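The values are calculated or read from the model by the stated rules, or taken from the named source; none is laboratory data. On a predicted model such as this, the values are computed, not experimentally measured, just so you know. Using ideal geometry, Cβ is built from the backbone for each residue, glycine included, and neighbour counts are taken over all protein chains shown. Side chains are part of the model used for accessible areas, which takes the heavy atoms of the whole protein and leaves out ligands, DNA and RNA. Shrake-Rupley method; radii C 1.70, N 1.55, O 1.52, S 1.80 Å.
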Amino acid sequence: MKTQAQAVIIGGGVVGCSVLYHLAKAGWTDVVLIERAELTSGSTWHAAGGFHTLNGDPNVAKLQQYTVELYREIEALSGVSCGLHLTGGVMLAGTPERMDWLRMAHAKGRYLGMHTEIISAAEAKRLMPLIDESRFVGAMYDPLEGHLDPYGTTHAYAKSAQLKGAEIVLRNRVVDTVQRPDGSWDVVTEQGTIHAQHVVNAGGLWARECGRMAGLELPVLAMEHMYLLTEDMPEVAEVNAATGKEVITALDFEGEIYTRQERGGMLMGTYERAGKAWSETQTPWDFGQDLLEPDLDRIAPSLEVGFEHFPAFARAGIKKIINGPFTFAPDGNPLVGPVRGLRNYWVACGVMAGFSQGGGVGLALANWMIQGDPGFDVWAMDVARYGDWATLATTNARVKENYSRRFRIRFPNEELEAGRPLRTTPLYDRLKADNAVMGESYGLEYPLWFAPAGTEPKDVFSFRRSNAFGPIGEECRTVRERVGVLETSGYAKYEVTGPGAEAFLSRVLAGRMPAQGRITLTPMLNERGKLIGDFTVGRLGPERFLVIGSGPAEQHHMRWFLQHAPASGVRIDPLGQRMQGLSVAGPRARDLLQRLVRQDLSTAAFPFLSIAAMDVGPVPAIVGRISFTGDLGYEIWVEPDCQRALFDALWSAGKDLGIGHFGLRALNALRLEKSFGTWAREYRPIYGPLEAGLGRFVHPQKGEFIGRDAALEERAGGGALRLVTFTVDAADADAIGDEPIWHGGEAVGWVTSGGYAHAAGASVAMGYVPKALADVDDGFTIEIIGEKRRAAPQRVPLFDPDGARMRG
Ligand SMILES: Cc1cc2nc3c(=O)[nH]c(=O)nc-3n(C[C@H](O)[C@H](O)[C@H](O)COP(=O)(O)OP(=O)(O)OC[C@H]3O[C@@H](n4cnc5c(N)ncnc54)[C@H](O)[C@@H]3O)c2cc1C
């Protein structure tokens, strides 16, 4: 075994082997994979081997498409068969809601270049003769589904990597990972130590334990998972004889079941509601190519439905039941990327669908390690989406919930419950007492909307407008007509101080830094000139800045800040919940605040985009004149022990001004009528600032900053896309995001966010279209739950187009 390497990968499951292959393919051939036992000795060997391209996040769906298309490449390179059976498959809907969901998934697939089809139950029966079609209302057919041989596929990746120069060491456990002061790693194995520049944790079932070697607690948990194999079935032989083909795969959402042919019989697996975690605190090292004891009682409710929906199964003998563990992150998406604070330490774990996602995960990580950037949008699987709040207990509660809901619909207005409430602000009980319906983001509870007094604060889950529609409308009118108050503690806040603070911020952010007492809005770009953040930066002193950004991106942004911070001269402090906020907005916001502060708040004295420390009533605060509602408004930042006093002061001073609450749902509606974009929706690393309408906030004249050359190139070339706001002829459902935008019979773009702009009285959608269509006024439709709705580009914001209210 060599003693030096560019990178060591821990783990020879399908994911580790894919990372190894992609690194070697991209030219990093001085790489070693260390495997404790034989390749596939974790969850990989007993996988059912199914693959598909469908995923709730279109960017993950793209990675899945890439993975499926990669198999031919590694087979050809390695000469090892992946045992591919590209049968195609049907996803079966037993309810109208599920059919709506499939229509939406089908629509999403259109702009990703996927060729799914919506079909009737009778057509589904023709394609998959084993179903009882009377149980279904329809289905979606996907030609890119099938199954493969997990062992062969892993070896095909491994052999392809070896042919490119990578090394694999078997039967050798990594027992420790120790970082040297220069950021490189000593990887201590049973056979000796390798000094590596980079370490990749692809430990699968043991990823959590491997993480602990480096002092890291990764939010992953293994769940038991069962599938059964039947004896040969005459019905299967009949289909094979009649069609000359294998029985296609099927996914039955109501039964929470997936099936495929296995030799002369069938395989049926289930994500049962009463799922069981495995090794909740510590995975045993002596677990190898072992299986767990099957528990038929646990999956009996699913099997009963399965036998009704697939009657032939009821007559078949069961040959074998497989019960094996595999790992999940709390939201079911992989954990990929560099870990903040651990230089040159990378993870590729929590991959619950290794044969759909493994290829994409390997490609993203290899790009990231070699080029410093994953190369595409991996936000949905970035390990940085979890902070320290994702403790073992929280992770375990959420993974169990996620498993039990694997095939259930999650409605756009549906909040999950497990592990909540965890992080709360001092206002939590107050807001609940005022009938707030709470949501959760990054572990923190925040108000979504407020139910009318005397009604239950509860969402009725729906793809259509729900019981919240009326109350949210009221909240919007409170803001537009009087004054509303919103808790903003969930925003990410960073204090950046020191003699090097301005130079540092000016290098990582694309805008010019503000003068003292002023706020500026600025995007953050990567080297490719794509959007990786958008911030407001307020200057509180010559060497003191308050930077405000998107809450869930706090780790993600801190990782980038630390990566680019100079060795000395600047301190970057993520304030988390050590600073909390309230925002007041609406035409009476100034009257309200002026009652509580001594400073003159007139526009002449404290204009739009001003910031200053001042007492608000009894509370020391930082006040910025800015609001994401696009109205006259202020953001007020205080320490947590003062947040209740601040709230009380505002509430009692605002009573005769008609003060009211508003929540995040109303904020979304309000920002839509101002055409304001937001992180993770309009602003993502697949768009440039010009495309996103943020070109005016990029200042190449100021000198060097990250992404400057690429931004100049985008400016010269004009970019490929444009963000457009549309008003939509909607009926009882608004766009929510990811719907295709149609023009001239083609899906030319997609919606990034949508909703109902209550104050303006219009259904609104924002989305990207090709630049050539950006100035076209006619012919657009947006597909909402399977129906194409006329959409008209809205050239100026629906509210306050000249900014008189916001600036006045
Ligand atoms: C019953 C069942 C059915 C499934 N069906 C499907 C399916 O149909 N489709 C699908 O896509 N997925 C399926 N999966 C999930 C799939 O198995 C996983 O997504 C995949 O195996 C994850 O691969 P991995 O490489 O991340 O982890 P693993 O396969 O667990 O690999 C990790 C490897 O790391 C090694 N390792 C760990 N720690 C160390 C160390 N310290 N030193 C050296 N080596 C170490 C282990 O020995 C192991 O070989 C199924 C899983 C189960 C259990």
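For the stretch 737-786, please list each of the strands (runs of 3 or more DSSP E) lying entirely inside it that holds at least 3 residues being aliphatic (A, V, I, L, M) and under 23 Å from residue 465 (Cα atoms).
Result: 762-770.
I want to confirm something. Restricting to the stretch 41-60 and keeping residues that are within 6 Å of the ligand (Cβ to nearest atom) and in a loop (DSSP other than H, G, I, E, B), which single residue is surrounded by the most Cβ atoms within 10 Å (Cβ to Cβ)?
Checking each candidate, the answer is 42.
Does the stretch 447-486 hold any residues that are assigned to a helix (DSSP H, G or I), touching a residue at least 24 places away in the same chain (Cβ under 8 Å) and either open to solvent by less than 10 Å² (accessible area, probe 1.4 Å) or of a type outside the set (A, V, I, L, M) (or both), and which are they?
469, 473, 474, 475, 476, 477, 478, 479, 480, 481
With the structure loaded, tell me whether residue 792 is open to solvent by 20 Å² or more (accessible area, probe 1.4 Å), within 24 Å of residue 377 (Cβ to Cβ), in a strand (DSSP E or B) and of a type outside the set (S, T, N, Q) or whether it fails that test.
It is false that residue 792 is open to solvent by 20 Å² or more (accessible area, probe 1.4 Å), within 24 Å of residue 377 (Cβ to Cβ), in a strand (DSSP E or B) and of a type outside the set (S, T, N, Q).
Test residue 350 against the stated conditions and say whether it is within 11 Å of the ligand (Cβ to nearest atom) and more than 29 Å from residue 422 (Cβ to Cβ).
Spelling it out, it is not the case that residue 350 is within 11 Å of the ligand (Cβ to nearest atom) and more than 29 Å from residue 422 (Cβ to Cβ).
Can you report the number of residues in the stretch 288-320 which are open to solvent by 20 Å² or more (accessible area, probe 1.4 Å) and either of a type outside the set (Lys, Arg) or within 14 Å of the ligand (Cβ to nearest atom) (or both)?
22
Can you list residue pairs whose Cβ atoms sit under 8 Å apart, with the first residue in the stretch 775-786 being farther than 17 Å from residue 751 by Cβ and basic (Lys, Arg) and the second being open to solvent by 40 Å² or more (accessible area, probe 1.4 Å) and not in a strand (DSSP E or B)? Count only pairs 6 or more apart in sequence or on different chains.
The qualifying pairs do not exist here.
Let me spell it out: the conditions are (1) under 29 Å from residue 415 (Cβ atoms); (2) touching a Ser or Thr at 6+ places or on another chain (Cβ under 9 Å), and residue 646 meets all of them except one. Which number is the exception?
(2)
Would you check if residue 114 is in contact with a Leu (Cβ under 9 Å, 6 or more places away or on another chain) and either assigned to a loop (DSSP other than H, G, I, E, B) or of a type in the set (S, T, N, Q) (or both)?
It is true that residue 114 is in contact with a Leu (Cβ under 9 Å, 6 or more places away or on another chain) and either assigned to a loop (DSSP other than H, G, I, E, B) or of a type in the set (S, T, N, Q) (or both).
From 653, 716, 669, which residue is part of a helix (DSSP H, G or I) and out of contact with any strand residue (DSSP E or B) (no Cβ under 9 Å at 6 or more places or on another chain)? It would help to see each step written out before you state the result.
On the way: 653 fails: out of contact with any strand residue (DSSP E or B) (no Cβ under 9 Å at 6 or more places or on another chain); 669 fails: out of contact with any strand residue (DSSP E or B) (no Cβ under 9 Å at 6 or more places or on another chain).
Answer to the check: 716.
Kindly provide the set of residues from the stretch 216-237 that are open to solvent by 50 Å² or more (accessible area, probe 1.4 Å) and either within 14 Å of the ligand (Cβ to nearest atom) or without any contact (Cβ under 8 Å) to a residue 60 or more places away in the chain (or both), ordered by number.
Result: 232, 234, 237.
So, of the residues in the stretch 358-378 that are in a helix (DSSP H, G or I), in contact with a strand residue (DSSP E or B) (Cβ under 9 Å, 6 or more places away or on another chain) and open to solvent by 10 Å² or more (accessible area, probe 1.4 Å), which turns out to be nearest to residue 67 (Cα to Cα)?
Checked the stretch 358-378; the qualifying residue nearest to residue 67 (Cα to Cα) is 368.
Here are the criteria: (1) open to solvent by less than 30 Å² (accessible area, probe 1.4 Å); (2) modelled with pLDDT of 95 or more; (3) part of a helix (DSSP H, G or I). Tell me which single one residue 63 does not satisfy.
(2)
Residues to consider are 420, 408; find the one that is in a loop (DSSP other than H, G, I, E, B) and out of contact with any strand residue (DSSP E or B) (no Cβ under 9 Å at 6 or more places or on another chain).
408
For the stretch 684-726, give me each residue that is in contact (Cβ under 8 Å) with a residue 60 or more places away in the chain, closer than 25 Å to residue 751 by Cβ and open to solvent by 30 Å² or more (accessible area, probe 1.4 Å).
Within the stretch 684-726, 686, 697 meet the criteria.
Checking residue 76 against (1) away from the ligand (no atom under 16 Å from the Cβ); (2) closer than 17 Å to residue 159 by Cα; (3) crowded, with 19+ Cβ neighbours inside 10 Å, only one condition comes out false. Which one?
Checking residue 76 against (1) away from the ligand (no atom under 16 Å from the Cβ); (2) closer than 17 Å to residue 159 by Cα; (3) crowded, with 19+ Cβ neighbours inside 10 Å, the one that fails is (3).
Are there any pairs, at least 6 apart or on different chains, whose C-beta atoms fall under 7 Å, with the first in the stretch 286-301 and in a helix (DSSP H, G or I) and the second small (Gly, Ala, Ser), and if so, which?
Hits for this filter: 298/274.
Residue check: is residue 19 within 13 Å of the ligand (Cβ to nearest atom), open to solvent by 10 Å² or more (accessible area, probe 1.4 Å) and part of a helix (DSSP H, G or I)?
No; evaluated as a whole, the condition is false for this residue.
For the stretch 437-446, state whether one or more residues are open to solvent by 40 Å² or more (accessible area, probe 1.4 Å) and part of a helix (DSSP H, G or I).
Scanning the stretch 437-446 turns up no residue that is open to solvent by 40 Å² or more (accessible area, probe 1.4 Å) and part of a helix (DSSP H, G or I).
Return a yes/no flag: does the stretch 501-510 have any residue that is within 30 Å of residue 589 (Cβ to Cβ), part of a strand (DSSP E or B) and open to solvent by less than 10 Å² (accessible area, probe 1.4 Å).
Yes - at least one qualifying residue is present in the stretch 501-510.
Residues 137, 175: which one is within 16 Å of the ligand (Cβ to nearest atom), of a type in the set (A, V, I, L, M, F, W, C), more than 27 Å from the chain's Cα centre (by Cα) and open to solvent by 50 Å² or more (accessible area, probe 1.4 Å)?
From the options 137, 175, the qualifying one is 175.
From the residues in the stretch 140-154 that are open to solvent by less than 50 Å² (accessible area, probe 1.4 Å) and closer than 30 Å to residue 212 by Cβ, which one is farthest from the ligand (Cβ to nearest atom)?
153
Do we find a residue being of a type in the set (S, T, N, Q), over 23 Å from residue 683 (Cβ atoms) and crowded, with 19+ Cβ neighbours inside 10 Å anywhere in the stretch 321-331?
Kept after step one, since they are of a type in the set (S, T, N, Q), are these residues of the stretch 321-331: 323, 327.
Then drop every residue that is not over 23 Å from residue 683 (Cβ atoms), which leaves 323, 327.
Narrowing the set further to residues that are crowded, with 19+ Cβ neighbours inside 10 Å leaves 323, 327.
Yes - at least one qualifying residue is present in the stretch 321-331.
Just to be sure before I move on: is residue 108 touching a helix residue (DSSP H, G or I) at 6+ places or on another chain (Cβ under 8 Å), surrounded by fewer than 21 Cβ atoms within 10 Å (Cβ to Cβ) and charged (D, E, K, R) in the structure I sent?
Answer is no for this residue.
So which residues in the stretch 523-572 are touching a residue at least 60 places away in the same chain (Cβ under 8 Å), part of a loop (DSSP other than H, G, I, E, B), farther than 27 Å from residue 183 by Cα and not charged (D, E, K, R)?
529, 550
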